[in-house]
Amino acid sequence: MARTRSSGGTPATVALDRAGIRYAVRAYEHDPAAASYGTEAAKALGVAQARVFKTLLVQGERELAVGIVPVDGQLDLKAMAAALGLKRVAMADVATAERVTGYVVGGISPIGQKRSLETVLDESAQQHDTILVSGGRRGLDLELAPADLLAVTRGTIAGIARRS
């Protein structure tokens, strides 16, 4: 994997550089007609879908939180609520997700968001030396170790995904 490096500066790469975390920039040509951003990224980058993770925002009883799950799975809302110590959560609406994170849907990175939100990474990430997450815009992914993602987001790990 590449040494820490700047990619021209999304908030995600700036945050990783500031934290001294090693990552690789993985860019691809985004197709606006793509039905699934994560599936598109996996195919374009030649990476197994199980290694590409999507960033999803949920609304808890009071606060928003971030769930990070493989693109070939779905966020289990009951498991996410349990991981957060809540009774229930619901998916946040698109406008709220974009406003709170500072990113557009399809490019929401778990790193460098406008507000620090409680973050949970699916335990399947531990099966891989590196995983890919959005770099802060469509067509840009960042490859890094799951432990480094947890460190930079101050996240926790739990079984929050179910396979499609």
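The values are calculated or read from the model by the stated rules, or taken from the named source; none is laboratory data. Source: prediction; values computed, not measured. Here the Cβ is made from the backbone with ideal geometry for all residues, glycine too, and neighbour counts use every protein chain on show. Side chains included, ligands, DNA and RNA excluded: accessible areas come from the protein's heavy atoms. Shrake-Rupley method; radii C 1.70, N 1.55, O 1.52, S 1.80 Å.
Here are some notes:
- Residue check for K114: surrounded by fewer than 17 Cβ atoms within 10 Å (Cβ to Cβ) and either in a strand (DSSP E or B) or under 16 Å from the mean Cα position of the chain (by Cα) (or both): yes
- Yes/no for R162 being buried (at least 18 other Cβ atoms within 10 Å of the Cβ) and modelled with pLDDT under 95: no
- For the residues G60, G38, the requirement of being among the small types (G, A, S), open to solvent by less than 30 Å² (accessible area, probe 1.4 Å) and at pLDDT below 90 singles out G38.
- Top-ranked residue of region 117-126 - restricted to ones that are over 20 Å from T13 (Cβ atoms) and in a strand (DSSP E or B), ranked as farthest from the chain's Cα centre (by Cα): E118
- Top-ranked residue of region 82-102 - restricted to ones that are in contact with a strand residue (DSSP E or B) (Cβ under 8 Å, 6 or more places away or on another chain) and in contact (Cβ under 8 Å) with a residue 40 or more places away in the chain, ranked as nearest to T13 (Cα to Cα): T101
- Residue check, E123 of a type in the set (D, E), under 16 Å from T153 (Cα atoms), touching a residue at least 12 places away in the same chain (Cβ under 8 Å) and in contact with a helix residue (DSSP H, G or I) (Cβ under 9 Å, 6 or more places away or on another chain): no
- Hey, I21 buried (at least 17 other Cβ atoms within 10 Å of the Cβ) and either in a loop (DSSP other than H, G, I, E, B) or modelled with pLDDT under 95 (or both) or not: yes
- The number of residues in region 120-136 being of a type outside the set (V, I, T) and buried (at least 18 other Cβ atoms within 10 Å of the Cβ) comes to 8.
- Verdict on Y28 being open to solvent by 60 Å² or more (accessible area, probe 1.4 Å) and aromatic (F, W, Y): no
- Long-range neighbours under 6 Å by Cβ, at least six apart or interchain, first residue farther than 13 Å from L142 by Cα within region 43-58, second acidic (D, E) and part of a loop (DSSP other than H, G, I, E, B): Q49/D72; A50/D72
- The residues in region 69-128 that are over 21 Å from H30 (Cα atoms) and β-branched (V, I, T) can be counted, and the count is 5.
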